[in-house]
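Student: One structure is given below, represented as structure tokens, and several questions about it will come after.
The values are calculated or read from the model by the stated rules, or taken from the named source; none is laboratory data. These numbers come from a predicted model, not from an experiment. Every residue, glycine as well, gets a Cβ built from its backbone with ideal geometry; the counts of neighbours run over all protein chains shown.
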Amino acid sequence: MKHPSYLIFFFIFLFYGCNQKNTQSEVTIDSKDSLSGYLLLANDFDLPSEQREKYTQKAFKIISPQENDSLHRVNLFKIANRYYNLENWDEYKKTVRLVLEKSAIKQDALSMAKGNNYLGDYYDSQGIPDSSFLYYNKAEKIYVELNDNYNVAKTIIKKANIQFNQSDLLGAEKASSKALKIIKDTNQSDVLYDAYNLLGLIYNELEDYNNALLYHNKAIASIDQMIPSVFQPEATSYNNIGYIYLKTQDYKLAKTYFEKGLDQKNISRDKPYVYAILLNNLAYAKFKLNEKEGMPDLFFQSLKIRDSLQLTAGIIASKINLSEYFMSKKDTLQASKYAKQTLELSQKTDDFRNVLNSLKQLSVIEPQNAAIYANEYIQVSEKLQKSERKMGNKFTRIEFETEEIKSENTDLVQKNRNLVYIFSGLAILGLFIFVIKTQKAKNRELLFKQEQQKVNEEIYNLMISQQNTIETNRVKEKKRVAQELHDGVLGRMFGIRMNLDSLNKMHDGTTIEKRTNYLNELKNIEQDIREISHDLNREKSELINNFVAIVDNLLEEQKKTYKSKLVSVIDSGIKWELVSNSVKINLYRIVQESLQNINKYANAKIIKIELKKKEEDLLLIISDDGNGFDTNKSKKGIGLQNIQLRTLECNGVVDIKSKIGEGTVITISVPLETKQILT
């Protein structure tokens, strides 16, 4: 039997390779300038290929400048599909690699898997099985991570096809069974069909014809509406079943199945290469049955279709069958011609199996050269075995290296994660230490300020006490002077006046006039001394108000240092000498603290400070038109806490009103007894 079995698989492989991209459109285009219009026209198989390629290029120009989002990548895949259908492999590969780059930037795993799948299709179309297997394997790993069982199974079937084509039958069988296990108990009929059909081909090659028929029949049973009729799955399976009967030499049954395949609707239009295979196989069955009808025209008709489609493997199969046919007719010239053409074409494409078939045919046609052909046959056979073994090992190595890379990446990710944990821990520890040290420094600063405040209060108390002592001594001295003036000087002057008054009894005119003048002068002196005495007593109340002077000094310093306008109102009716020193100290510090806060944070234009009596309370009101603040967020500030604590020491109440952008008003009310403040 010289009919090469792998040609049947070649048809199936083309079915797998093209089914995702051959979609013909029958939609009417309203606007040829639209992207969807260009894409539909580019996939209209009724148009010439040159025109379809122009529409593809126009669509790409619209898509190219768009933002790299999911829709953009989907449209690029559509462009790749159009180039695939046009068999423009360079542009197809370039577009797929562009999508992969953009998918990597956006970390779009699904598009990366699809892109690797498309690259596998590309290298398969170029007859580079190891590269094709590599990219299918990459796609499979990503689909596994995405838990996309459907695409995992489809990709495994593609890998199994390559293994089958390279005679790695056990590897292909294992992969097909794995795909079936993944989609078990699902309704994925297209994957089921692919897996069953491939297993049928594998068992056919292993000459396990019963299992081969079993799986081909399962493939036919799995066909449903999910598999488009344009892919002609029935014709495919009928051809493969017929081929099994060819190998078992049941030519009549084989012929029946080939004819059933040719009877499928639109087979010549939908799948011309399948149609060519069925014609060739039917011709071979009729040749073995010695039927002359249509012979050898069926062989030539198949060869013509294959030649127009540039199907090298198909051309080889047709010519080797023609060689066998003409040999049976004793036409050694034609038989030798087709056998040598087959040998030359097989050697050119490194198709070792067909080289062997050609050499075997030539040794029959030219028995005088049989020894030469036999020797060459042995050499090629050994080369084929090494090549198949090498390719099988390469497939295993690709899967192993991919797993190893994946494992290394996993280890690297784990190491990077551990490093992140370590550095994060160190950073948190460093931050924790920094916070502790900062807090300690703040606590030390706070303690220092508290100590400073205590010292300042002590100094202030000493100053007040000293001032009180000075004032008390001054008052005593003034009283003594006033008393001396009143009781001593005035008494003596009064005695003189009385004596002079007694002289009035003298009636001398000059004496009386002088005496009267002296008496008037003495009265004036007496009045002046009395006024001085009263003035000294009155100064006591003015000098005793030293608290107001200290506050005025603070306010004067504020005016000199800062640009803000300061307005102060102090009730003159308050008798500060009756207010305790502790209250005055706290009020002074509150004013001081408030001015510091306003200067630092408020950016106020006008500041107003009021000290006044309201019924039984002493009110201190400090207001500004500055930035203001959120009282809910700022209650824990040290300045505000100090104001509240000082007010509490005075048994008073503080009210703070502020809004951002509307200034601040601080009102402090200190209760005092009626006897302490007199008007």
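Student: Search region 116-139 for residues being in a helix (DSSP H, G or I) and free of Cβ contacts under 8 Å to residues at least 24 places away in the same chain, and hand back the single one that is farthest from PHE77 (Cα to Cα). Quick ask: steps written out before the conclusion?
Tutor: Start the filter on region 116-139 by keeping residues that are in a helix (DSSP H, G or I), which leaves 116-125, 129-139.
Right, trim to free of Cβ contacts under 8 Å to residues at least 24 places away in the same chain and you get 123, 131, 135.
Details: TYR123: 17, SER131: 20, TYR135: 16 Å.
Here the answer is SER131.
Student: Filter region 310-338 down to residues that are farther than 19 Å from ILE277 by Cα and out of contact with any Asp or Glu (no Cβ under 7 Å at 6 or more places or on another chain), then give me how many there are. Working first, answer last.
Tutor: First, the residues of region 310-338 that are farther than 19 Å from ILE277 by Cα: 326-337.
When the remaining residues are screened for being out of contact with any Asp or Glu (no Cβ under 7 Å at 6 or more places or on another chain), the result is 326-335, 337.
So the answer is 11.
Student: Quick one: how many residues across region 327-349 are touching a residue at least 24 places away in the same chain (Cβ under 8 Å) and assigned to a helix (DSSP H, G or I)? Can you show your working first?
Tutor: Keep residues of region 327-349 that are touching a residue at least 24 places away in the same chain (Cβ under 8 Å), which gives 327-328, 332, 335-336, 339, 342, 345-346, 349.
Keeping just the survivors that are assigned to a helix (DSSP H, G or I) gives 327-328, 332, 335-336, 339, 342, 345-346.
The qualifying residues number 9.
Student: Regarding region 253-273, can at least one residue be identified that is more than 60 Å from the chain's Cα centre (by Cα) and surrounded by fewer than 19 Cβ atoms within 10 Å (Cβ to Cβ)?
Tutor: Yes, some residue in region 253-273 is more than 60 Å from the chain's Cα centre (by Cα) and surrounded by fewer than 19 Cβ atoms within 10 Å (Cβ to Cβ).
Student: Return the residue satisfying two criteria in turn: it lies in region 608-644 and is in a strand (DSSP E or B) and touching a Lys or Arg at 6+ places or on another chain (Cβ under 7 Å), and of such residues it is modelled with the lowest pLDDT. Even if it seems obvious, please write down each step before you answer.
Tutor: Step one: list which residues in region 608-644 are in a strand (DSSP E or B), which gives 608-614, 617-624.
Now drop any that are not touching a Lys or Arg at 6+ places or on another chain (Cβ under 7 Å), which leaves 619, 623.
Values: LEU619: 90, SER623: 93.
So, considering only residues that are in a strand (DSSP E or B) and touching a Lys or Arg at 6+ places or on another chain (Cβ under 7 Å), the one modelled with the lowest pLDDT is LEU619.
Student: Would you say SER568 is among the polar types (S, T, N, Q) and surrounded by 15 or more Cβ atoms within 10 Å (Cβ to Cβ)?
Tutor: Answer is yes for this residue.
Student: Provide a single number: the residues in region 268-307 that are within 17 Å of PRO233 (Cβ to Cβ) and assigned to a loop (DSSP other than H, G, I, E, B).
Tutor: Qualifying residue count, region 268-307: 1.
Student: Exactly one condition in (1) aromatic (Phe, Trp, Tyr); (2) at pLDDT 85 or above; (3) under 30 Å from ASN473 (Cβ atoms) is false for TYR562; which is it?
Tutor: So TYR562 meets the others, but not (3).
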